[in-house]
């Protein structure tokens with residue numbers, strides 16, 4: 001597969017060639033980081049200092065290999081393209097001689113990456129990009145490896161912006177997103193237990209403390225998560 005070829009049902013994912021083995025590629029989010037955020041790999045080993053980064057070729061940014069973020073939930077974010085299914089039918093007719101004909105039909109199965117958006121959905125010709133492709137940060141037009149997306153009946157878009165550690169929503173025709181505190185990660189965003197674990201791991205890495213398994217139920221709603229983290233940080237810091 002060539003560099004930057006589409007490799008997933010998620011159109012945001014592309015193939016990046018691994019620096020140490022050029023014939024091998026990794027399928028990941030092509031908008032996970034901007035060129036200015038990427039750092040060169042270790043020249044002698046083609047390795048990266050961070051465990052969640054991998055040394056890849058990214059000629060659009062630099063001629064030399066760079067360390068690119070590859071999250072632990074990468075396989076869920078970039079599910080592979082579905083294989084093509086082939087059906088074969090055989091018919092036999094008999095007269096003075098017997099002949100056999102075989103016909104083969106090929107069908108490509110399509111599946112929507114987002115369950116409540118149909119596979120044949122198209123974007124508006126006058127659409128405006130309001131978020132994404134701007135790296136990590138707290139601006140409402142920035143996303144960093146989002147792990148879940150839901151579109152409500154009123155066309156409100158709600159996104160679990162994992163590496164920015166937040167839930168953000170856009171109402172129809174909005175140009176700025178809003179952080180929502182009432183969002184339930186499981187019910188509103190359709191995240192499963194694995195998604196929740198990934199978010200919790202990111203929170204633990206960000207804030208530097210462990211969240212026990214028996215306290216996960218306090219993190220389902222964004223406001224409860226914020227309150228829990230504030231309380232936890234106060235306990236860890238101790239009285240002044």
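When every residue of segment 190-211 is checked against the conditions, at least one turns out to be at pLDDT below 75, surrounded by 11 or more Cβ atoms within 10 Å (Cβ to Cβ), in contact with a strand residue (DSSP E or B) (Cβ under 7 Å, 6 or more places away or on another chain) and over 20 Å from residue 33 (Cα atoms). In segment 1-80, counting only strands (runs of 3 or more DSSP E) that sit wholly within it, the ones holding 1 or more residues that are crowded, with 16+ Cβ neighbours inside 10 Å, in contact (Cβ under 8 Å) with a residue 60 or more places away in the chain and touching a strand residue (DSSP E or B) at 6+ places or on another chain (Cβ under 9 Å) span 13-17, 25-29, 66-69.
The values are calculated or read from the model by the stated rules, or taken from the named source; none is laboratory data. On a predicted model such as this, the values are computed, not experimentally measured, just so you know. Note that each Cβ is placed from the backbone with ideal geometry, even for glycine, and that neighbours are counted across all protein chains shown.
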